[in-house]
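Please treat every number below as a calculation from the coordinates, not as lab data. Just so you know, these numbers come straight off a predicted model, no measurement behind them. Neighbour counts are summed over all protein chains in view; Cβ atoms, including those assigned to glycine, are modelled from backbone coordinates with ideal geometry.
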Amino acid sequence: MIIDPWGNQKYEYEKLFENFGIEKFSDELWKDFPNPPFFFRRNIVFGHRDFERIKEAIKKKEKWAILTGLMPSGKMHFGHKIVIDQVIYYQSLGADINIAVADIEAYATRGYSLKEAEKIAIEEYILNYIALGLKPCRIYFQSKNEDVKDLAYILAKKANLSQVNAIYGFQGSTNMSHVFAPFIQIGDILHVQLEKYGSLRPTLVPVGVDQDPHIRFCRDIADAHRLYSIVPQNGKVGIFVKVGENVKELLDKAEEAVAGVGKILERKDDYKAIYAEVDNIYKLDFELAKIERNYNEYAFILPSSTYHRFISGLDGNKMSSSRPQYALFLTDEPQEIKKKIWTAKTGGRVTAEEQRKYGGKPEECMIYELFTYGIVESDKELLEIKNKCKKGEMLCGECKKYAYQLIKEFLENLKEKRESARDEIKEYLS
């Protein structure tokens, strides 16, 4: 099974846990956070890799970063909004926000010029981000950041074509700019840990599951550049030196690192290994990464990630800019919104009489799904809508009318904020 980051495939989310090692995003990971947002409460964020590391940084008020990106290849719709909703929330928890404008990727995979990509990024995304509530942070263009491009080239030495093809399914006809685009993404994700941009720190990348190939590839490449590897073994850990030089020195320093988080059980120089009991494996990894930086400036903490469910288009398939009649854009006018909502797929019965008699199916309704993605803020109200639908007490026409009212009000308010955001945009662009 291959996930295509540039496609429009639909996903059976349960299979992703088994096939790709994504972990379930349980309530335990977020229930202690202040004002838990709808995307946690409603299981829209459903999976993760190493989010425990981020949770610990938040809890201890330590430095951590967000790296996310935007693809400037079309209009911003409600499916894109879920990413910035998360970023804004994490910003309130103390994250250092970094947003990459993927103009190189848009050029390589979608055919946009860098100039076209810049215009789309500003008009369709960045202005909306500010209007939605994003505070001043760092937004940059891939094409204008030499550190990202240099890092992509340097780290690419640890990858080969077979590995890239296995992850992405590239063919002989794939252009080489497209093939190199994932390496630029690696540069994006990891450069925030360079000394110039904040040094070593946990980094979270919140994405839709279609972007998981980039996360897996980045973690593999980051791991390949590490001098140490940590292998959990039956409640203990093995710490191994992966290089042939400075082995004794690296083991000595690893012993010092272990002393701060646990105790040494055994050291085997012949195996380049230390076996230990540790209280906090993430703290140990951080200390080892700091040691590595004295020998290797490209030692990085593996990035963490979360995965959110895609909002459906109004016909029940994935919402996409390439299918504008089924997408709700943040710049749509009221009449456009009304027309789209009135033609949306619902879980209602054929007639009003059948609806009142048998009830509707909100789990199959695109309007109800819109409500769950933050259009209706109150969980109590959302449950009331669901129950009324199931009992036949609310008809599809009523639901659509209410959705139109809420979305119209939201977009009118956003439009006003978007215009005032033009005066602030220089605070964000690096």
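Using the Karplus curve 6.51 cos²θ - 1.76 cosθ + 1.60 with θ = phi - 60°, what ³J(HN,Hα) values do you get for each residue of the stretch 125-137, in whole Hz, with x for Gly and Pro?
10, 4, 4, 5, 4, 5, 4, 6, x, 5, 7, x, 7
What is the order of 80, 48, 214, fewest Cβ neighbours within 10 Å to most? The partial results should precede the final answer.
Details: 80 24, 48 21, 214 27.
Fewest to most other Cβ atoms nearby, the residues stand as 48, 80, 214.
Taking the Cα atoms of the chain alone, what are Rg (to one decimal) and Dmax (as a whole number) in Å?
Rg and Dmax of the chain, Cα atoms, are 23.7, 80 Å.
Residues with amide H under 5 Å of residue 69's amide H, sequence separation 5 or more or different chain, H placed in the peptide plane at 1.01 Å from N; which?
Long-range HN contacts for residue 69: 100.
Gap in Å between the Cα centre of the stretch 320-367 and the Cα centre of the stretch 48-102?
Each part reduced to its Cα centre gives a spacing of 30 Å.
Among 59/272; 380/400; 15/119; 135/157; 338/361; 318/415, which pairs are too far apart, with a Cα-Cα distance over 27 Å? Write out the running numbers ahead of the final one.
On the way: 59/272 34 Å; 380/400 19 Å; 15/119 38 Å; 135/157 37 Å; 338/361 22 Å; 318/415 25 Å.
Violating the 27 Å Cα-Cα cut-off are 59/272; 15/119; 135/157.
Express the relative contact order of the stretch 228-292 as a whole percentage, based on alpha carbon pairs under 8 Å and six or more residues apart in sequence.
Values: 95 pairs, mean separation 21.6, N = 65.
In percent, rounded to a whole number, it is 33.
Anyone know which of 339, 81, 24 comes out most mobile in the 10 Å Cα GNM of the chain?
Result for the chain, Cα springs under 10 Å: 339 fluctuates most.
Tell me, 285, 220 in order of fewest to most beta-carbon neighbours within 10 Å? Spell out each step's value before the answer.
Working: 285 24, 220 15.
Ordered by Cβ neighbours within 10 Å, fewest first: 220, 285.
Given a cut-off of under 8 Å on Cα pairs at least six residues apart, what relative contact order in percent is computed for the stretch 332-427?
Numbers: 85 pairs, mean separation 29.1, N = 96.
With pairs under 8 Å counted, the relative contact order is 30 percent.
Most mobile of 241, 209, 231 per a Gaussian network model of the chain (Cα springs, under 10 Å)?
231
Report the full-extension gain for the segment residue 422 to residue 342: residue separation times 0.36 nm, less the Cα-Cα distance, to one decimal in nm.
Working: separation 80, 0.36 × 80 = 28.80 nm, distance 3.29 nm.
That works out to 25.5 nm of additional length.
In whole Hz, with x marking every Gly and Pro, tabulate ³J(HN,Hα) for the stretch 373-390 from phi via Karplus 6.51 cos²θ - 1.76 cosθ + 1.60, θ = phi - 60°.
Once θ is set to phi - 60°, the couplings for the stretch 373-390 become 8, x, 5, 9, 7, 7, 5, 5, 5, 4, 5, 4, 4, 4, 5, 5, 5, 5 Hz.
Just list whichever of 81/144; 236/263; 158/242; 253/290 have alpha carbons separated by over 18 Å in the model shown.
On the way: 81/144 25 Å; 236/263 10 Å; 158/242 14 Å; 253/290 11 Å.
Flagged as over cut-off: 81/144.
For the stretch 1-110, compute Rh as the Kirkwood radius over C-alpha pairs and then the Stokes-Einstein diffusion coefficient at 4 °C and 1.567 mPa s; write the answer in µm²/s, rounded to an integer. Numbers along the way, then the final one.
Details: Rh = 15.9 Å.
Estimated diffusion coefficient is 81 µm²/s.
What angle, in degrees between 0 and 90 and rounded to the nearest 10, separates the Cα long axis of helix 176-191 from the longest principal axis of the Cα atoms of the chain?
Helix 176-191 sits roughly 70 degrees off the main axis of the chain.
Roughly how many whole Å is it from the C-alpha centroid of the stretch 295-310 to that of the stretch 144-158?
Result: 16 Å between the Cα centres.
Give me the Debye-computed log₁₀ of I(q)/I(0) at q = 0.20, 0.23, 0.25 Å⁻¹ for the stretch 228-292, equal point scatterers on Cα only, no solvent, two decimals.
The Cα Debye sum returns log10 ratios of -0.67, -0.90, -1.08.
Listing 183, 217, 20 from the residue with the fewest other Cβ atoms within 10 Å to the one with the most, what is the order?
Values: 183 23, 217 20, 20 17.
Least to most surrounded, the residues fall as 20, 217, 183.
Who wins for biggest fluctuation among 418, 226, 41 in a Gaussian network model of the chain, springs between alpha carbons below 10 Å?
Ranking 418, 226, 41 by mean-square fluctuation puts 41 first.
Starting from the exponent 0.38 and prefactor 2.2 Å, build the expected Rg for the stretch 210-331 from its residue count and divide its actual Cα Rg by it.
Rg over 2.2 N^0.38 Å, computed on Cα atoms: 1.55.
In Å, what Rg and Dmax follow from the Cα atoms of the stretch 129-273?
That works out to 18.9, 59 Å for Rg and Dmax.
Would you work out the relative contact order for the stretch 106-203, in percent, from Cα pairs under 8 angstrom that are 6 or more residues apart? Walk me through the numbers before you get to the answer.
Values: 50 pairs, mean separation 27.7, N = 98.
Computed value for the stretch 106-203: 28 percent relative contact order.
Evaluate the distance, in nm, between pseudo-label points positioned 7 Å from the Cα of residue 175 and of residue 135 along their respective Cα→Cβ axes.
Between residue 175 and residue 135, the simple spin-label model gives 4.1 nm.
With Kirkwood's inverse mean 1/r over C-alpha pairs for Rh, give me the Rg to Rh ratio of the stretch 332-427, two decimals please.
Using Cα coordinates only, the ratio equals 1.10.
For residue 201, which sequence-distant residues (separation of 5 or more, or a different chain) have an amide H within less than 5 Å of its own amide H, given hydrogens modelled in the peptide plane?
Those lying under 5 Å, H to H, from residue 201 are 301.
Along the stretch 291-298, what does the Karplus equation 6.51 cos²θ - 1.76 cosθ + 1.60 (θ = phi - 60°) give for ³J(HN,Hα), rounded to whole Hz, x for Gly and Pro?
Each residue of the stretch 291-298 in turn: 4, 4, 4, 6, 10, 8, 6, 9 Hz.
Once amide H atoms are built 1.01 Å from N in the peptide plane, which residues 5 or more positions from residue 97, or in another chain, come under 5 Å H to H?
66, 138
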